[in-house]
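**Student:** Handing you a structure now.
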């Protein structure tokens, strides 16, 4: 009888672990993504731009560039966002984006 109880407990623990892994994986994938590239007047990638994304909630997130010049943010709730790019010379360009679902939106900002 105790072997049956132990087997049930073990099966219950396994189900709990599986559920925890599933929830964690879903949490990492949920929300929309935004990938921003900043270019100069010649079309070259600007690695030193400062990119800030602000949602309707007023929360501003400053994005670091990766080695290829992409500024990325994932897990954003759906909604409208203001994306502001400031070039090394102080020039500022602002764009509006509307993120929907779990899609990744790509945006290029030209510092002309």
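Read-outs: derived from the displayed coordinates by stated rules, not from any lab. For clarity, every value in this text was computed on a predicted model and none was experimentally measured. Note that each Cβ is placed from the backbone with ideal geometry, even for glycine, and that neighbours are counted across all protein chains shown.
**Student:** Provide the gained length on full extension for the span residue 47 to residue 96, in nm with one decimal, where the gain is 0.36 nm per separating residue minus the Cα-Cα distance.
**Tutor:** Result for the pair: 15.5 nm of gain on full extension.
**Student:** Calculate, in nm to one decimal, what residue 82 and residue 105 gain on full extension: separation in residues at 0.36 nm each, minus their alpha carbon distance.
**Tutor:** Full extension from residue 82 to residue 105 adds 7.0 nm.
**Student:** For the pair residue 54/residue 40, report the inter-label distance in nm, with labels modelled 7 Å from Cα in the Cβ direction.
**Tutor:** The two pseudo-label positions are separated by 2.7 nm.
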